[in-house]
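Just below is one structure, and these are the notes that go with it.
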Amino acid sequence: MKTNEQRLADILNRLDHISYIRLEKIPEIDLYMDQVTSFMEDHLRKAKRNPEDKALTKTMINNYAKNNLLPPPVRKKYSKEHILLLLFIYYYKNLLSFSDIEQLFRPITEKHFNAQSAPSLSQIYQEVFSLEDQQMTRLKEDIQAKFQASLDTFLEASDEDREYLQLFAFISELSFDVYLKKQMIEMMIDQLRAESEQDPGNNRKKR
């Protein structure tokens, strides 16, 4: 059985192998759906929890379009902008509901989906993910700080129980951090939704 220190080392090692898809890797030509799913499967394989999991399926793409997260393809082909949106959806889908994602994405799809938009969706993607290196450094520091804090818990427990109880404390602290951040994200999206509904210039049909 691994020690908690070994588990921490595994986490940090995994983070070193996770990265976003660089803009230059995304095809400039339009792709058919099978090509889109193959591209995503190939480039997101390191981010999957289980090797047999699918990063993206045809059903997922159809559901995204049905829920207004993704504009329809043109003559059954998906543009570079479609791929960029799918990548954003990939990172948001396990955190937010389709309704929240649609609300968050709406200004992006309405104003920046066109390749000639300024800034373009490519520029938005590049700008957002340019923060990755700094974020990864801060994340590792935060994880290690939480781990060290967990080592100060359950000091009176027996040797047999202490290791697991400290692991439980560490996982609980990580989970509470995610919970609070999710609450903040949802609060901001609720604010955007309320502002959109109050905007007299918003003629979009309410769902």
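The values are calculated or read from the model by the stated rules, or taken from the named source; none is laboratory data. Owing to the predicted nature of the structure, the values given are computational and were not obtained by experimental measurement. Glycine also receives a Cβ, built like all others from the backbone with ideal geometry; neighbour counts cover every protein chain displayed. Accessible surface is based on the protein model in full, side chains and every heavy atom, while ligands, DNA and RNA are left aside. Shrake-Rupley method; radii C 1.70, N 1.55, O 1.52, S 1.80 Å.
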Go through region 42-90 and count every residue that is in contact with a strand residue (DSSP E or B) (Cβ under 7 Å, 6 or more places away or on another chain) and crowded, with 19+ Cβ neighbours inside 10 Å.
1
Looking at region 118-146, which of the residues that are over 22 Å from I21 (Cα atoms) and not hydrophobic (A, V, I, L, M, F, W, C) is surrounded by the fewest Cβ atoms within 10 Å (Cβ to Cβ)?
E141
Condition check: touching a Lys or Arg at 6+ places or on another chain (Cβ under 8 Å), over 25 Å from D16 (Cβ atoms), open to solvent by less than 80 Å² (accessible area, probe 1.4 Å) and not in a helix (DSSP H, G or I). Does A115 satisfy that?
yes
Matching residues, region 102-112, being in contact with a Ser or Thr (Cβ under 9 Å, 6 or more places away or on another chain), crowded, with 17+ Cβ neighbours inside 10 Å and closer than 23 Å to E28 by Cα:
H112
Could you list, in sequence order, the residues of region 45-87 that are part of a loop (DSSP other than H, G, I, E, B) and farther than 17 Å from T109 by Cβ?
K48, R49, N50, P51, E52, D53, K54, A55, L56, T57, R75, K76
Can you tell me which residue in region 147-199 is farthest from S97 (Cα to Cα), limited to those that are surrounded by 10 or more Cβ atoms within 10 Å (Cβ to Cβ) and small (G, A, S)?
A157
Pick from region 1-34, criterion touching a helix residue (DSSP H, G or I) at 6+ places or on another chain (Cβ under 9 Å) and among the hydroxyl-bearing types (S, T, Y), ranking: farthest from Q123 (Cα to Cα):
T3
Within region 1-35, residues in contact (Cβ under 8 Å) with a residue 12 or more places away in the chain, polar (S, T, N, Q) and exposed (fewer than 11 other Cβ atoms within 10 Å of the Cβ) come out as T3
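Do you know which residues across region 36-49 are over 16 Å from the mean Cα position of the chain (by Cα) and in contact (Cβ under 8 Å) with a residue 12 or more places away in the chain?
V36, T37, F39 - these are the residues of region 36-49 that are over 16 Å from the mean Cα position of the chain (by Cα) and in contact (Cβ under 8 Å) with a residue 12 or more places away in the chain.
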Top-ranked residue of region 91-101 - restricted to ones that are within 21 Å of M33 (Cβ to Cβ) and not hydroxyl-bearing (S, T, Y), ranked as most open to solvent (accessible area, probe 1.4 Å):
F98
